[in-house]
1. Considering the stretch B:203-224 alone, what residues qualify as being under 22 Å from B:H331 (Cβ atoms), of a type in the set (A, V, I, L, M, F, W, C) and in a loop (DSSP other than H, G, I, E, B)?
2. Quickly run through the stretch B:13-33 and pick out the residues that are assigned to a helix (DSSP H, G or I) and farther than 22 Å from B:V228 by Cβ.
3. I need a count of the residues in the stretch B:398-432 that are within 20 Å of the chain's Cα centre (by Cα) and not β-branched (V, I, T).
4. When you scan the stretch B:354-467 for helices (runs of 4 or more DSSP H) that lie fully inside it, which ones turn up with 1 or more residues that are crowded, with 24+ Cβ neighbours inside 10 Å, within 14 Å of chain A (Cβ to nearest Cβ) and not polar (S, T, N, Q)?
5. For the stretch B:146-154, does any single residue satisfy the condition of being assigned to a helix (DSSP H, G or I) and over 26 Å from B:L320 (Cα atoms)?
6. If the requirement is being in a helix (DSSP H, G or I) and surrounded by fewer than 20 Cβ atoms within 10 Å (Cβ to Cβ), which of these qualifies: B:A7, B:A36?
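The values are calculated or read from the model by the stated rules, or taken from the named source; none is laboratory data. As the structure is a computational prediction, the values presented were derived from the model and not from experiment. We place every Cβ from the backbone using ideal geometry, glycine too, and count neighbours over all the protein chains shown.
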Amino acid sequence: MSEPRSAQADVDAMAEITAALKRGGLRVSAAEIANMVEGYRFVRRGLEAIRQRLPKTVEPAPTFDSAAVYRSPEDGDDHVGR
Amino acid sequence: MEMTMSAADELCYLSIAELERAYADRRLSPVEVTEAYLDRIEALDGRLNSYITVTAEAARAAARSSEQRRASGRPLGPLDGVPVALKDLYDTAGIRTTAHSPLYAERVPETDATVVRRLNSAGVILLGKLAMHEFASGGPELDAIFPPARNPWDTDRVPAGSSSGSGAALAAGLAAGSFGSDTGGSIRGPASYCGIVGLKPTYGLVSRSGVIPMSWTLDHAGPMARTVKDTAMLLQAVAGHDPADPASALAEVPDFRVHLAEGIAGRRVGAPLAAVEAAGDLHPETLAAFRQALSSLEQLGASIQSIELPDHVQAAAVWLVIASAEAFAFHERDAREQPEKFGRRFFASMLQGALYSASDYIQALRGRALICQEMGNVMRLVDLIVLPTTPHPAMDFATELASPFFKRTSFTRLFSLTGQPAISLPCGFSADRLPIGLQIAGRPFKDHTVLAAAHAYEQANDWYRQRPPIT
């Protein structure tokens, strides 16, 4: 599950992470930021991959009253949703 | 009643179902069973660190009350007098609930979580509160405010997390049952590493009200025990709608114990063998145990077929964005104002949530919806899905601490995203005598089908009878 490393991509990711944490008023050491780079890039890549195959029609999954979602009569018992 | 240490130890390994019968027949009393557990915790937990708080006096008082109810023929139900312990994120009125964090080290809730209230109504005896990964995330920390729980099968190894204390305590005979929480595998992982049973119920079946959250839309509360039947009994006591949990379902609650007899014969079981074999960190003994389990399920009458699951790397990214963004939303103020009150491992994990935009979060929610659709297509072909719970047996602490979370294969996260029920139960041991777990997932609100399949497998194999070498 590891992703290809690129020095420039790491630098860019580090800058993005630093900016996001600064924006949030969060105090984090440089070493801790460096440790976040690989995971951050992994997530960015996976999120982009799934975004590219998301049809426009897909809406965020609802999270309330899951019984109504799971058990709608037209879907029957085998529907999987949230 | 005086008894030898070995007899007391045997008593602590009785199943909940066996305890129920022994209480009903007056062969045992809740007081002597509770005393045996408290003695064993005192003797062994110094090496395991599974408990953060032992509520000995309250447990003794509850045991005396239970004994009176039993003696007068008016037990509150099958769990009356059964000693359990809870992951330390279930709010317990008057008992500190720490989430294993310095931030909450002195936090004492005024009210019980819904699960706790229902367990109290069922007459269970609370032995105490159990170790976990800080705020159910981040992994073990050797220098945490409370020491990390250790695996009874090998104390140099982790019990997995985040319900680490639950897995360790059950395997070591330090509780008869437990409740953990599972956001990406935190019940099933410890069940696998510790050789016990853990169920992540369908999202919405068990209330999370009063359970300190990690990620609201992914958190599941669920039972852990040493047998599938015990797990079903614990689930029965707490399942059902709770208006205090906005995600709680209005679903009917079946009699889980009655359904156990349905077995697995005639069920269509999907096995994603190609995905399992492709996992880079798959241990050969885990694969061998899984293949053996498939044969056993086939002998029990299941029809095994090959399936493909949604892409697990994309699922991992979706899960990480949702989980970390929601965790950060919960902790944001404390993260800004008193960052020193968090363990560094959890802090770094939670801060990932500060890195994603609102659009990223929405795209992740849409990604989850797509994954649910894809899983729905799979579940139209099969009744159940089976795969290893974890790609390998328990790791030692050094390996665990050096291994970034996102790099590991997860066979559990998909079912956290879809919300469908999934159980882990023992299916073998490595050459090092470490447990290996089998995961069985089913359709939403078919928790009883999952439990029935797991019970059939469990009874046909005797892995669940194995005990760790800790005395």
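1. B:I212, B:M214, B:W216, B:L218
2. B:P30, B:V31, B:E32
3. Matching residues across the stretch B:398-432 total 20.
4. Values: elements: B:358-379, B:397-402, B:413-418, B:447-460.
Result: B:358-379, B:413-418, B:447-460.
5. In the first step, residues of the stretch B:146-154 are kept if they are assigned to a helix (DSSP H, G or I); the result is none.
No.
6. On the way: B:A36 fails: surrounded by fewer than 20 Cβ atoms within 10 Å (Cβ to Cβ).
Checking each option against the conditions leaves just B:A7.
Matching residues to (1) free of Cβ contacts under 8 Å to residues at least 60 places away in the same chain; (2) surrounded by fewer than 17 Cβ atoms within 10 Å (Cβ to Cβ); (3) away from every other protein chain (no Cβ under 11 Å):
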| residue | (1), (2), (3) |
| --- | --- |
| B:D245 | no, no, no |
| B:V258 | yes, yes, yes |
| B:E277 | yes, yes, yes |
| B:A289 | no, no, yes |
| B:L294 | no, no, yes |
| B:L309 | no, no, yes |
| B:L320 | no, no, no |
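Let's see how each residue does on (1) farther than 30 Å from B:D242 by Cα; (2) facing chain B (nearest Cβ under 7 Å); (3) over 21 Å from the mean Cα position of the chain (by Cα); (4) at pLDDT 85 or above:
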{"residue": "A:S29", "(1), (2), (3), (4)": "yes, no, yes, yes"}
{"residue": "A:A34", "(1), (2), (3), (4)": "yes, no, no, yes"}
{"residue": "A:E48", "(1), (2), (3), (4)": "yes, no, no, yes"}
{"residue": "A:Q52", "(1), (2), (3), (4)": "yes, no, no, yes"}
{"residue": "A:T63", "(1), (2), (3), (4)": "no, yes, no, no"}
{"residue": "A:V69", "(1), (2), (3), (4)": "no, no, yes, no"}
{"residue": "A:S72", "(1), (2), (3), (4)": "no, no, yes, no"}
{"residue": "A:D78", "(1), (2), (3), (4)": "no, yes, yes, no"}
